[in-house]
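Some notes on the structure that comes next.
The values are calculated or read from the model by the stated rules, or taken from the named source; none is laboratory data. Note that the structure is a prediction, hence the values are computed from the model and not measured. Note that each Cβ is placed from the backbone with ideal geometry, even for glycine, and that neighbours are counted across all protein chains shown.
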Amino acid sequence: MPRLDICAMSGYNYNNYIFRRMRKVSEVIMEQKKIDRINELARKSKAEGLTEAEKAEQTELRNEYRASVTGNLMQQLEHTYIMTPDGKKHKVGGGKK
């Protein structure tokens, strides 16, 4: 099986590249207070149940979280290349949007 070099970026070392990508991705991540609210609603749901308004809020927040995670993954894949041993770069891509 041929060796694949995922970090075949022009002139950047691997650690610098990963740090820059993580910093860019973290700008798109959902706000921490919303994540805390998702967790708070999950705990309340298990303990005593939720009102209809809280269930709707929980669904909306969960959908927003899923979209954030999916968006971050797609963004990372759009900037990921695989380099084959013969030196050719192949873009991984993010699939359908």
With criteria (1) free of Cβ contacts under 8 Å to residues at least 12 places away in the same chain; (2) farther than 30 Å from VAL92 by Cα; (3) in a helix (DSSP H, G or I), LYS34 comes up short on (1)
Among (1) among the small types (Gly, Ala, Ser); (2) within 19 Å of ILE29 (Cβ to Cβ); (3) at pLDDT below 90, ALA67 falls short only on (3)
Condition set within 23 Å of the chain's Cα centre (by Cα) and among the charged types (D, E, K, R), scope the stretch 62-88, selection surrounded by the fewest Cβ atoms within 10 Å (Cβ to Cβ): answer is ARG66
Every listed condition ((1) touching a helix residue (DSSP H, G or I) at 6+ places or on another chain (Cβ under 9 Å); (2) hydroxyl-bearing (Ser, Thr, Tyr); (3) exposed (fewer than 14 other Cβ atoms within 10 Å of the Cβ); (4) modelled with pLDDT of 85 or more) holds for THR59 save (1)
